[in-house]
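A.B. asks: Below you'll find the structure I mean.
The values are calculated or read from the model by the stated rules, or taken from the named source; none is laboratory data. Quick caveat, the model's predicted, so the values are computed rather than measured. All Cβ positions, even for glycine, are placed from backbone atoms using ideal geometry, and neighbour counts span all protein chains on display. Accessible surface is based on the protein model in full, side chains and every heavy atom, while ligands, DNA and RNA are left aside. Shrake-Rupley method; radii C 1.70, N 1.55, O 1.52, S 1.80 Å.
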Amino acid sequence: MMVAHPLPLLAILLQLLLSCLPALGYSNRFFYQDILNGNGNGEIHFNGVKLHVDSSQPSMFALRGSNATLSCRYWYEPELSSPRRVRVKWSWLPVMGGHETDVLVAIGPRIHSFGDFRDRVYLRQDSPGDASLVMTELQLNDTGRYRCEVIDGLEDKSATVDLELRGVVFPYQPPHGRYNLTYHDAQQVCQEQDSTLATFEQLFQAWEDGLDWCNAGWLADGTVQYPITKPRSPCGGLGLAPGVRSYGRRHRHLHRYDVFCFSSSLRGKVYYLQHPQKLNLTEAQQACFSNGAQIAKVGQLYVAWRFMGLNRCDAGWLADGSLRYPVTNPSRNCGPLEPGVRSFGFPPPYQKHGVYCYSAGMQ
């Protein structure tokens, strides 16, 4: 005996139910068509009405500490005579990869933000269909791809916005020497220097701005690369054109390299402490503290050099035990005739030098 398959029977029953709705006096033009009456592409949408979601600015740039608005707008085609109650969800895919995480969910006036985004994000809602995300107090790790998803019943449409922070990329090598950092070590040392792992886009921009560095370093996506503006034998050979050299993806636990860190704008001020005498590392830390500040980190010094024009021909201690000084106006008495942050490496901590301090309250 043959047994009828239940799915065709369910489809027929659903078809009969939908056909009866107008006869029952129910017709609000918003009920959904079943898959049998779709457009042949497997789409299910309003009866004659389609939801659209778009962003007018699919990529944008900002600075740490500033605010940013990620555009997102939804509308219906044809236009509806009355507003619909929709669910708006923003999610974030970090530049380092991984899974999308929730940023904000809104249903009507009810809005909930999540994790590190809590109380830093809200919907602009300037006009009907405006689902733009306003982000305040941008942080270094906010870089990534943001997804604006609008859900109305069975309809689900989305658009993406890529957020990139402007700042400065700098190579970093720890005190114990070249090529000693796993990927996770690299993450940690960048964080300790008020920075984060640089992205390829940030490193490429730095190369376009003239960064030339012959040591390979980790990037946020787990690749290992280095920028060369002046080809030479020890750095890939004379036969290769200038560019960003890549070793590709490396094992995050087994392989060891240097790292390229990224930092953005700074609230506060980095300054060379005027002190009557030179200081060892411990004395330098205490001197900054006594001055109402703290010893500056490498990322802070680079930001002060790049964005605040800090120019000083005096080497000073930094928090990691390195000795550096920033030059924006090169002169013959201050090393190479090009701007940059000069480094003397990690001298013994008992040696006497100056110190660079950082105060969050100073401008």
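A.B. asks: Can you return the aspartates and glutamates within cross-link range of K50? Criterion is Cα-Cα under 16 Å, with same-chain partners fewer than 8 residues away left out.
C.D. replies: Candidates past the 8-residue exclusion: D34, E77, E79, E149, D152, E155, D156.
A.B. asks: Could I ask something else about it? Taking each full run of DSSP H in the chain as one helix, which ones are at least 20 Å long along their axis (Cα atoms) and have mean Kyte-Doolittle hydropathy of at least 1.0?
C.D. replies: Working: long enough: 6-20 (21 Å, 2.11).
Sorted by number, the helices that extend far enough and score high enough are 6-20.
A.B. asks: Right, something else. Rounded to the nearest 20 Debye, what is the dipole magnitude of the range 167-263 about its Cα centre when Lys and Arg each give +1 and Asp and Glu each give -1 at the C-beta? Write down the numbers at each step before the final one.
C.D. replies: Values: 8 positive and 9 negative charges, 98 e Å.
It works out to roughly 460 debye.
A.B. asks: With r as the distance between the Cβ atoms of M308 and M60 and R0 = 30 Å, compute the FRET efficiency 1/(1 + (r/R0)^6) and round to 0.05. Working shown, then result.
C.D. replies: Values: r = 24 Å, r/R0 = 0.79.
The value I calculate is 0.80.
A.B. asks: Using only the alpha-carbon atoms of the range 262-343 as identical scatterers, what base-10 log of I(q)/I(0) does the Debye formula give at q = 0.11, 0.12, 0.27 Å⁻¹?
C.D. replies: Values, matching the q order: -0.28, -0.33, -1.41.
A.B. asks: Just to be sure I understand the model, the point goes 7 Å from the Cα along the line to the Cβ. What's the resulting R87 to E100 distance in nm?
C.D. replies: 1.3
A.B. asks: Let me ask something else about it. Under a 1.4 Å probe, what is the accessible area of the chain per residue, stated in Å²? Intermediate results must be reported in sequence, preceding the final value.
C.D. replies: Working: 19240 Å² over 363 residues.
Accessible area per residue: 53 Å².
A.B. asks: Could you compute the FRET efficiency for F289 and Q188, with r as their C-beta to C-beta distance and R0 at 30 Å, rounded to 0.05?
C.D. replies: Values: r = 24 Å, r/R0 = 0.80.
The pair F289/Q188 has a calculated efficiency of 0.80.
A.B. asks: Moving to a separate point now. Give the calculated FRET efficiency between D126 and E208 to the nearest 0.05, with a Förster radius of 25 Å applied to their Cβ-Cβ distance.
C.D. replies: Working: r = 36 Å, r/R0 = 1.43.
With R0 = 25 Å, the Cβ-Cβ based efficiency is 0.10.
A.B. asks: Follow-up. Quick one: putting +1 on the C-beta of Lys and Arg, -1 on the C-beta of Asp and Glu, what dipole do you get for the chain around its Cα centre, in Debye to the nearest 20? Please list the in-between numbers first.
C.D. replies: Values: 34 positive and 32 negative charges, 209 e Å.
Roughly 1000 debye for the chain.
A.B. asks: Which three lengths, in whole Å and largest first, does the chain cover when its Cα atoms are put on their principal axes?
C.D. replies: 94, 48, 36
A.B. asks: With point charges of +1 on the Cβ of Lys and Arg and -1 on the Cβ of Asp and Glu, referenced to the Cα centre of the range 167-263, which listed residue (S246, Q193, F262) lies farthest in the positive direction of the dipole?
C.D. replies: S246
A.B. asks: Amide H to amide H, which residues 5 or more places from S265 or on other chains are under 5 Å from it, using H placed in the peptide plane?
C.D. replies: HN-HN under 5 Å from S265: R64.
A.B. asks: Could I have the simple spin-label model distance between K50 and H176, label points 7 Å from Cα toward Cβ, reported in nm to one decimal?
C.D. replies: 6.0
A.B. asks: Cα to Cα, under 15 Å, and not fewer than 8 places away if on the same chain: which aspartates and glutamates meet these conditions relative to K269?
C.D. replies: Cα-Cα hits under 15 Å: D194.
A.B. asks: In Å and whole numbers, how far do the C-alpha atoms of the range 167-263 stretch along each principal axis, longest first?
C.D. replies: Over the range 167-263, Cα extents along the principal axes are 35, 29, 23 Å.
A.B. asks: In whole angstrom, note down how far apart the Cα centers of the range 117-171 and the range 252-301 are.
C.D. replies: 32
A.B. asks: Let me ask you something else. What nm distance separates the two modelled labels at I107 and F344, each placed 7 Å from Cα along Cα→Cβ?
C.D. replies: 6.4
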